[in-house]
Structure formats: structure tokens, C-alpha cells
Amino acid sequence: MPASYSTNMRLKFPILAITLEAVIIILFGIFITYDDGADAGLAFKNTTKPDLFYKIYPSFQDVHVMIFVGFGFLMTFLKRYGFSSVGFNLLIAAFGLQWGTLMQGWLHHLVNGKIKVNIFSLINADFSTATVLISFGAILGKTSPVQLLIMTLFEITIFAVNEHLVTGILQAKDVGASMTIHAFGAYFGLAVSRVLYRPGLQNDNENEGSVYHSDLFAMIGTLFLWMFWPSFNSAIVESPDGQYRAIINTYYSLAACVLTAYALSSLLDKKGKLDMVHIQNATLAGGVAAGTAADMMIYPYGGLLIGFIAGIISTVGFKYLTPIFASKLNIHDTCGVHNLHGMPGIIGGLAGIIGAAMASKNVYGDGLLSTFPQLKTRTAIGQAGYQAAGLGATLAVALIGGTITGFILRIPFWGQPPDQNCFDDQIYWEVPNGENEHEDLLSSEHGKHKTNAEA
Amino acid sequence: MPASYSTNMRLKFPILAITLEAVIIILFGIFITYDDGADAGLAFKNTTKPDLFYKIYPSFQDVHVMIFVGFGFLMTFLKRYGFSSVGFNLLIAAFGLQWGTLMQGWLHHLVNGKIKVNIFSLINADFSTATVLISFGAILGKTSPVQLLIMTLFEITIFAVNEHLVTGILQAKDVGASMTIHAFGAYFGLAVSRVLYRPGLQNDNENEGSVYHSDLFAMIGTLFLWMFWPSFNSAIVESPDGQYRAIINTYYSLAACVLTAYALSSLLDKKGKLDMVHIQNATLAGGVAAGTAADMMIYPYGGLLIGFIAGIISTVGFKYLTPIFASKLNIHDTCGVHNLHGMPGIIGGLAGIIGAAMASKNVYGDGLLSTFPQLKTRTAIGQAGYQAAGLGATLAVALIGGTITGFILRIPFWGQPPDQNCFDDQIYWEVPNGENEHEDLLSSEHGKHKTNAEA
Amino acid sequence: MPASYSTNMRLKFPILAITLEAVIIILFGIFITYDDGADAGLAFKNTTKPDLFYKIYPSFQDVHVMIFVGFGFLMTFLKRYGFSSVGFNLLIAAFGLQWGTLMQGWLHHLVNGKIKVNIFSLINADFSTATVLISFGAILGKTSPVQLLIMTLFEITIFAVNEHLVTGILQAKDVGASMTIHAFGAYFGLAVSRVLYRPGLQNDNENEGSVYHSDLFAMIGTLFLWMFWPSFNSAIVESPDGQYRAIINTYYSLAACVLTAYALSSLLDKKGKLDMVHIQNATLAGGVAAGTAADMMIYPYGGLLIGFIAGIISTVGFKYLTPIFASKLNIHDTCGVHNLHGMPGIIGGLAGIIGAAMASKNVYGDGLLSTFPQLKTRTAIGQAGYQAAGLGATLAVALIGGTITGFILRIPFWGQPPDQNCFDDQIYWEVPNGENEHEDLLSSEHGKHKTNAEA
């Protein structure tokens, strides 16, 4: 077994995890304090609006559920990788939200050497982990927890820089983060996956599939993502009317997307049967695609239209693009994040460009500048150009950042699972006997894997 | 295989789904716009209360979870029908909420040719789908997705008309919709099931049962329904004190119902063992039965009393009525919706009649007219009469509407699954190997089904 | 079979459940009424703040999910005890919240012979059930539903008295209830388990373990507890800034705890593999430990530090203490509640002592008395002393109360499962064939159990 396949977690993983946490605590001690509204001494002294916190907290909890249950269970579809899917998801997100708090704070909110955390900090910290969880989907089953922590560190750093570039410097709008989270996370992950490509894994791993119950566990993730997506797309919108619109637009976009995802899933199968992969994933494309334009005056039919298109393109992508990516481009995309987050993220970016170009006093009335503060100094067409620049920048940063991160992850020191142990919890987890034991009785294949994993 | 058993989804299903969605988009384009509070130009101009939206949004999300996770997973108890249960639930609800938005808008909220959607529109749209999901429970495993989309179209239309009749014209109170959603959905579904009755299915289908893990998946549905029912019963109550009462009354009704459901489940078994069917369903009867009177001054002990009775009647119904319905009345009720939604819905209607009859200045003080605006022009006994009329109308409309819809669903063109493929995902879904594969090794029966399904 | 192992639920269980519910309804009729804000006649007359109810309701629902889904599914990790875990959890909590409403009302809120229930009553009622659910974890699989109802009755009574002692009389702060719920529930349960100790059960029951899917079901419980813990620790904090802090502190404590729990789980395994028991439980210790000091000015790094320590101690406890407790102290702790609730609860109490000792005008400014009303008449060091007294009192009351309750539960009349039927649903539930049937084919052991259960 070559050195690069060392999978010994005994020391490297715990030392890395504890070191990262210790450094985080020191950095929090130096930089992080409470927002005025949460500071006992300042809460009553200033213009803090404690009401705001109560209004946003339910949306924060919805986003929280999406990150931990939504992404976590969505990836449990693999028959032998459920512990890793939901468990590494928790690990990545728990570390990522701490690092995201620091990175976003340093870039956006550093005042007098201090970062004041409030409810939006928590939401944005959760958001920053979403990018890594999306990328995790592309390389699911093929990387070690050590590699995942390293990727989290780098990806959130690059994400925060790109987010600052797109929404801070270019002043592109991206309230539901179709571009800065979804497209970014997907293309970053695909670039990582390209660099980590292993010919030995191609198409012959019997563990890279689902069983009946693992597909039902995955539906828990799908549904919590689907239901709470209106909160995701609206949580950080500043104006109440914009937040309201973001909820309504996303609600309808998701509903339309379900219809087209089901229709295409059946239409593209030679027997007309539905495929759980499409139902678990493509039904969510409407949420991704409605992100950037969520708070714009696209009207409910505009939301439906975005979902309609996203459901079709996502399902077609799963059916035809994913196999081509693997065979022609050497990009193996375990969860098909290109179809759920990549292309729908680009659709979302395009919808944002169109929505910005069409912004006018006619449609927005006196609310134009509260939805588009940029139009104080720009024309609508100009803003559309900046939206396009934001989309382009995101794709470029994601691909370059992912490629660099991929090469860092290939450093043999981190270790990665051997081909024959990919998509199998047993290499990293104590897996109970029981069902697996019975499967062993019926499958001589599995016995072999076990031996390899423990070799 | 007779024409009426054609199950080819290849073209009919995708064409139907895409056509429905396209028509919906056009109708939304013509009729649907934002509520003033969500309209950039109008949000700051008028008497909109943006506060209200923040107050109700958490309840909307609770209802949303009940519809998609609650109903969806509750029906996954069948051993081989989990994909269809949770998957068709999503499909029905996603289409239904769009159609419900239009139907309810046309009947209640059409102003100058436009329907303005707000947070209550989303809640009511979700509510309208609940009726179909209840009816779906009665015919679970025996109908095709094409039939289900057709049923959704008709049932929501008839539901919206009945709702308008009961709460609009008769001015009966039904805040938690014991009558207009639960009783309506149950009796509509039973009528459909009666018309679609197939002698060949009776009592001999080995797939119409649960396995250990499918019963645990169903408990996910049960618990999310149970926990969030206070939000269901209170979400659309107009007065804050009434909303507050609806939460408290429902909370206690559900708690009492659990005790009697467990007690009866054990008492009615000859060995005293608990039955998961009762635990999954009858524990929810208190939520259904507390619906109509939820915002009335029934006091917490009144809530407990309603739950106490509902838990008993529901469990007794599962034990004794469901088999009789199947054998004597030719009504096969897969999920026992008569016991969870039918009888408890009627109990709820009766509680509403009693509650209205007892309404007085004595009990409600100055809040009498904010809880019972009808008493401006009616006596309490008069209102009780209108409540009774609302209940009677609902049952009549449901039974007649369900019967007509049942005959429409029998039109051979739609196709329905052959008897031997009922309660089996394989006819409509790509089902992974794995667990099922092992079961195949142990069960020669299943091999046969598979062949039929793919024939 | 000795009389004490009578497991006949046929009459005892239903009679007990119905009698308890009937008595509860009578007591509610006598004592319980609506809070002014939920009373139609009083809502508009007084100083009620209906706003408050809307602000807190989302947190109540989060707590509700923790109680029913969180605790319920966390305990489904046992391979053959899922029905009982989630089912008895529902039963205990549904009864407990009614009894808790009465007990807490009598002790804290009895005015003119009436208890007025409001949103905080519902939260506190849910909280009171948490103590029993924690104790349930210690004796999971070894007790009958009759014993569990009896334990609920006694434990909530003793809990309410202790809570009154600690927060009412001693005026110790415990907003997130590290002491009064977590440490109390754990040590109460351990004392019960000690009294009910059975030598025959030690280490040889093959049912006391998980299978692959049961571990995934348990992760549903883990994640909902983890995500909503900020709501648990903040829900009853009175000042808005304190509530805000409690959310932020708990959020970060939980995140840090995940990193150390993962690190230690790997470090303590000889192959470096992660153990699902640790991931399911020790990742939550940060929430428990952040409870008492949650609303204090510990700053986010203080939250991280608490979580860091709790994650380490909890994982070490699972690895080394639990086996010692069973072998040396005759305390069998099925779920390891000592590691999740006991020790982290004590850490939380200690953090509260330190936090109180360090409270000063310097740190809290004008908010000092709104966070520490006790400092009107006490010094900070004095308050620290009362915090310590509260912790000591809680441990003493829990151990004594649990021991007494244990002896009551040993009364043969209640019945308890024979050793060979422990950790097996079949003694109390109709268990479907299917998967279990297949297991029977492969396991002759299980056939024996079945026979015993039905003997």
C-alpha cells in the first residue's frame, strides 16, 4: 500500500482536530465579542433593535436544520457510507462555522480590532459551511476526515474572499447565494474531485449505490432542505418586503421544480420509472436557482418559471452529464453536485442578471433603492453587468481555488482511503454487526472489504 | 392485462405533469401578484403590518413540515411502498399547493382580477393539500401517479368550494379545520376508495404490512405531526388571544390522546401488547378533534377531554371498524384515515357545535365578538346550528365529491396498478438492489412481483 | 418466573394510564386556567404583552422537537428496542408534561387557587419531562411501561421540589438547567438503575447493541438535539440580551464540543476508528455544560472553552467510566446518561459558580441586575456560594429521590421484564415480521427470545 493511502487516523486526526479547535479558541478570545444587542452593558444603551433578533431567529434555526439534517441526511443514500455522510457532515459544519465566523468577521466586520457576532453572524457562519458541504458531496466516499478538515479550512477562506469580492467590491446582489454558495461550492468541489481523480474507482465499486432504506434516510435530508429553503433564500435580506418576497418566490419555485423533476425523471427512463436520485436532488434545484433573484420583483410566476427550468436541467444533468463528466473529463461527482448546485446556481446567477437589468421605478416604486441600493450610482443595465461579473468571478475563483486545494489534499501526509475502501464506513468507524453481519452471510464480497479496511 | 391496468408512465405521466405546470404558470401570470407587504412599491405606502408576517412565518414552517415530512413519512410504514409514500406525497403537495393558491384565491381573494398572495395564502395552500394527502392515505398503494394528480385537481377544487360554503357562506367556525380538512379529506378518500374497490386485493397482499424499520420511519411522520399540530390549529386564527388559546388547547388535547391511545391499544390486544398502527395514528386524533373548537374558551381541561375521547374512539376504530369497512362495505382504507381523520374530525365538529352553543359574554367578556364575529347577528344557539350545518354540508360534499372523483379516476385511460403490483414501489420506481436482493433470496414470492411489475 | 417479573400489561397498564389521565383532567378542571393573554375576556384589559408569546413560540417548538424527536430517536440505537425507545419516550413525555404543568404550577404560580398557563408553562412542562427522559436513558430496556409511568409521577414531583429549592429558595441561576434538569435527571436515573440492578443482565445480552440502520435513526435524535439546544438554553431567559447571549454561547459551545468528541473518540480507539456511541452523545455535552452559564457574559470563547472540555470528559466517560460503573458499582447505564448529562451537568454547574463569582459592573455594566437580580442583596462571591449550594442540593436530592423511587419501582406488583426479554420490543409490542423474520432465519437465538416473551 503506497504511503499516500495511509489511513491511520490514530494520531493525525485527533491532533489536527484538537489543534484547530485550540487555535480557534485563542482567535475567538482575541477577536470575537457580542453584538451590542447581546451585551449586557450595551443592550440598553444604544440603537440596537432587539426585535430584529426575534424576527430572524426562526429563520436561523431553519437554515441550521438544512445544514445539519438537510445536507447530512441527503448524503446517506450510499448503502455503506451513512455514518460518514451524516457524521463528517457534522464535523465539517461544526468546524466550518467557527472558522467562517472568523473569516467573514475579519473581512466584513472588523471594528477596532473586534468582531461583534449577532444573529446574522450565525446565519452567515452556517452559510459558509454550506459551500464545503456541497464540495463534500462531489468527493463523498473518497477522502479522509483529515483531508476534509483541511479542505474546510481552505475552502471557507477562499469562499469568504470571493463573497467579499462579489457582494462587497462588485456589489452584486446574491441574497440566496445561488452564485457565492451553490455555484461556488459545486465548481470548487468538482475541481477538487478532478485533481483527486483515481482511475481505479471508475464504475466498478459496488458500494457506490443505495439500498432501499438508505434512500429513505436520504429523503429526510431532501425534505428538510426543500421545506426550509424559503428561509435560506430570505434570511439575510435586509428589507422586510424583500424578505417576504424571497419567501414567496422560493416557495413557488420549489413547487414547480418538483413537477418538472418528476416528469423528466419518468420521461428519460426507458420504462418510465422514477429514479430516487432525481427525486432526492433535482426537486431542490428550484431553491438553488431562485437564490440570487429571490428578493427581486419577479412575481410568483417568475418563481415558478425558474423552478420549472431548474427541475428540467437538473434531471437531464443527472441522466446524461454526470456519466460524461466521469468518463470524459475524469471528474467523478458522487452526489451529482453539478446538477443540484452547479448548473442551477448558474441559472440563479442568470436570473439575477435579468432581474437586475429589468429593475425600474415602474416595478419597484419607492422600494427600488431599498432592494437595489446599487442603483443610487448605477443604471439597471450597469448592475446587470456587475451581476455577470460576480457570476464569472465566482466560477473562476471556485475552479482555481478548488484546483489548488485539490493539490494540497493530494499531499501524501494527510492520507486517503485506498480504492477498495472507498464508500465504506468501516475504514473510519466501528461498524456494528447485525444487518451487516447478515449481509456478510449472503455476500462474500463484503468480507473482503472488511479485511482491506482493517489491513 | 386489461386496458384499465395499463401502468405505462412513459408518456402519460410526464406529459400530464408538465402540462399542469405550464397551465399553472400561465394562470399565475394572469392572476397572482404579491400582497402589498411583499410588494416593493406598496410595502411602505399603506396599512400593511410587516410585523404580522414575522409572527406567522414560524407557524407556516411548522405546517409545511407537517405536510411534507409529517404526512410523507407517516405513510412509509408499508414495507415496500416507502418511495411512493414519501415521493408521491411530495408530488401531490407540490402540485396541490399551486392549484390551491389559485382556487382559494379565486373564491376568497379576487380583487380587480388579481389575487394577492401573503403568508396566509401559503398556509392555506398547504392546508388545501392536506385534504388530498388524507384521501391519499385511504387509497395508498392502489393508484398511479397519474390518478393522484387528477385526484388532486378535483379534490382541491371541491375542497375550496366546500370551504367557501362552510366558513364563507354558512359562517361556521373551523379554525383548525376538523371539518373542512380532516373529515372532508377522510370521507372524500373513503368514497374514492369505495368506487375503486377491487375484490382481488382483499386481505391477501403480503406487501400490505410493515417491517421493523418501516415502522420507525413512520414514527418520524407521527412525531412531526404531533409536535407541530398546535401550529396547524392556530396558524390562521385572527385574534392573538385566540391563537394563543388554540396552541394551549391543542397541546393538551394531544397529550391526553396519547395516554388513551396507548391504554386502548394494550387493552384491546389479547396479550396486552401495543400495536404500532395505533401509536402511529391514534395518538394524533387529539389534534384533529381539537381543531374546530381550538380557539374557543374550552379551557385546558376541555382540551384534555377532547383528546381523551378522540384517542379512545380512534384506537377502537382501527381495531374493529377498519376490518368491517373492508369486509362489509367494500371500503378498503389503507392507512385507516377514517380512524385518524374521519371520526376525530366529526368529534371536532361536534365540539365546535357545543363550544358555539355555550359562547356567552360571561365566558368571553369583551372578547366575545373577536372570537365569534357571527354573534353580532346570531344567537349562540343559532351559531351552533350553523356549525352543525357546516359539518353536515362537509360530509355530504365529501361523499358526493369523492364518489364522482372516484368514477373519474376509474376511466381506463389513466391506468392503475394491477392487483399483484399494489403496495409495491417497483412498478413506478427504480428500486435498488441490496436489502431487497437479500429478501429475494429468502422469498420466492417477491421474484414473481418483480416480473409482473416489469411485464 | 417470579412474581416480580410479571409482565402482563393486559390490565395493569391500561387501567393505570386511564386512571392517571382521568385524575389529571379533574385536577386541570379545578386548578388550571388560561393566562390573561390567552383569555378572551382578559386579553385586552391588562398589561399582557401578546408580543412576547410570538417571540417565544418558535423556541417552544424547538424544545418540543428536542423532547419528542430528539430524546425519542436518540434512544433508538438499540437494534431491537426502537419501538419502545421512541414509543415510551412519547408516552412518558405526554403524561409528564401534564403532571409537570400541575406540579410547577402548584409550587410557583398558584394565585387564588388557580394556575394560569402561558407559553412559559408549556416550555417548563416540556422541560420537566426531560428529567424523566434522561433517567429513562439509564434504565432503557430494563423496565416496563407501568414502571415508567410510576417513575414519571415521582420524578417530576421531586424535580419540581428541587427546582423550587434551587432557583426559588436558594435563588441560584440555572437558565439552561445544567443542574436542575441534566445533572438531576442523570443522577436520579443512576440511583434508580443501582436499585434495580440485576446481575443476570451483565454484559451478556446480545440485544444491547446497535445495527447499522438503528445507529442512523439515533443520529436523527442527536442532530435535532444538537441544532435546537440554543433554544433550550435560552427559552426561559427573561432579558432579551440574556436570551441572545444564551443562543450565541450555546451555538459555539456545541461546535467546539463536536471537534473534541471526534478527536477523543478516534484517539481512544486502538485503531483510531470513530465510535457512533460517542458521536451520538458526546457531541451534545457542550449543550448540557453551557446551560447554567448560558446567559452570563462568558463571551463566545468562553462558550467554546466549555464545549471543548465537555466533549473530552464525556467521551472519556463513555470509554472508561461506564464499564467501571457497571462492573464495580453495579450501576448499569444503558445510554450512558452519566457521560452526556451527569458530568457535563456538573461542569455546567461549576461554570455557573465561576460565572457568578466573576459577575461585576465592569463586565455587565447597567445590565448587571437584569442578569443577576440576586446581586441586589448579595455579593458576587456570595452568589457563587448559592450556585454551589444549588449544585450540591441537586445532586443530593437526585440521588436520594432516585433511590427511593427505585425501591418503589421494585414493588413486584408493577412487574418488570425478565432478563431474557430486556432490550427487546417483542415483550410489549406487536413486532412485524419481515426483516426480523429474515433475522430469525439466520439467528436461532432470536427464536428463543420470542418464545420467552410470549410465555
(request) Would you check which residues across region A:360-372 are surrounded by fewer than 20 Cβ atoms within 10 Å (Cβ to Cβ) and free of Cβ contacts under 8 Å to residues at least 60 places away in the same chain and list them? (result) A:360, A:361, A:362, A:365, A:366, A:369
(request) Please work out which residue is farthest from residue A:410 (Cα to Cα), limiting yourself to region A:189-223 and to residues that are of a type in the set (Asp, Glu) and surrounded by fewer than 19 Cβ atoms within 10 Å (Cβ to Cβ). (result) A:206
(request) Please work out which residue is modelled with the highest pLDDT, limiting yourself to region A:428-443 and to residues that are open to solvent by 10 Å² or more (accessible area, probe 1.4 Å) and of a type in the set (A, V, I, L, M, F, W, C). (result) A:431
(request) Return only the number of the condition from (1) at pLDDT 95 or above; (2) in a helix (DSSP H, G or I); (3) closer than 22 Å to residue C:275 by Cα that residue C:333 does not satisfy. (result) (2)
(request) Quickly run through region B:83-118 and pick out the residues that are at positive phi and aromatic (Phe, Trp, Tyr). (result) none
(request) Tell me, yes or no, whether region B:33-43 has at least one residue that is in contact with a Leu (Cβ under 6 Å, 6 or more places away or on another chain), modelled with pLDDT of 85 or more and surrounded by fewer than 20 Cβ atoms within 10 Å (Cβ to Cβ). (result) yes
(request) Kindly indicate whether residue C:420 is crowded, with 16+ Cβ neighbours inside 10 Å, assigned to a helix (DSSP H, G or I) and at pLDDT 90 or above. (result) no
(request) Starting from residues that are farther than 10 Å from residue C:246 by Cα and assigned to a loop (DSSP other than H, G, I, E, B), keep the ones in region C:262-297 and report whichever is nearest to the chain's Cα centre (by Cα). (result) C:275
(request) Considering only residues that are open to solvent by less than 40 Å² (accessible area, probe 1.4 Å) and within 14 Å of another protein chain (Cβ to nearest Cβ), look in region A:343-359 and name the one that is nearest to residue A:170 (Cα to Cα). (result) A:356
(message) Given the criteria surrounded by 22 or more Cβ atoms within 10 Å (Cβ to Cβ) and either in contact with a Cys (Cβ under 9 Å, 6 or more places away or on another chain) or within 25 Å of residue B:304 (Cβ to Cβ) (or both), does residue B:181 qualify?
(response) yes
(message) One residue is enough: does region A:274-284 have a residue meeting the conditions open to solvent by 10 Å² or more (accessible area, probe 1.4 Å), closer than 22 Å to residue A:74 by Cβ and facing another protein chain (nearest Cβ under 7 Å)?
(response) yes
(message) Kindly evaluate residue C:254 against the criterion of being more than 19 Å from residue A:432 (Cβ to Cβ), touching a residue at least 40 places away in the same chain (Cβ under 8 Å) and either more than 9 Å from chain A (Cβ to nearest Cβ) or within 23 Å of the chain's Cα centre (by Cα) (or both).
(response) yes
(message) Considering only residues that are in contact (Cβ under 8 Å) with a residue 60 or more places away in the chain and at the interface with chain A (Cβ under 7 Å from one of its Cβ atoms), which ones fall in region C:206-219?
(response) C:209, C:210, C:211, C:215, C:219
(request) Give me a count of the residues in region C:237-251 that are touching a residue at least 60 places away in the same chain (Cβ under 8 Å) and not in a loop (DSSP other than H, G, I, E, B). (result) 4
(request) Those residues that are open to solvent by 10 Å² or more (accessible area, probe 1.4 Å) and either outside any helix (DSSP H, G or I) or more than 17 Å from residue A:126 (Cα to Cα) (or both), I need them from region C:224-236; list them, please. (result) C:236
(request) Would you check if there is a residue in region C:13-27 being open to solvent by less than 40 Å² (accessible area, probe 1.4 Å) and either under 21 Å from residue C:424 (Cα atoms) or at pLDDT below 95 (or both)? (result) yes
(request) May I ask you to list the residues in region B:360-377 that are part of a helix (DSSP H, G or I), closer than 25 Å to residue B:388 by Cα and within 14 Å of another protein chain (Cβ to nearest Cβ)? (result) B:361, B:362, B:363, B:364, B:365, B:367, B:368, B:369, B:370, B:371, B:373, B:375
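The values are calculated or read from the model by the stated rules, or taken from the named source; none is laboratory data. Values in this document were obtained by computation on a predicted structure and should not be read as measured data. When we count neighbours, we look across all protein chains shown, and the Cβ atoms used for this are built from the backbone with ideal geometry, even at glycine. When the accessible area is computed, the model is the full protein with side chains, heavy atoms only, and any ligands, DNA or RNA have been set aside. Shrake-Rupley method; radii C 1.70, N 1.55, O 1.52, S 1.80 Å.
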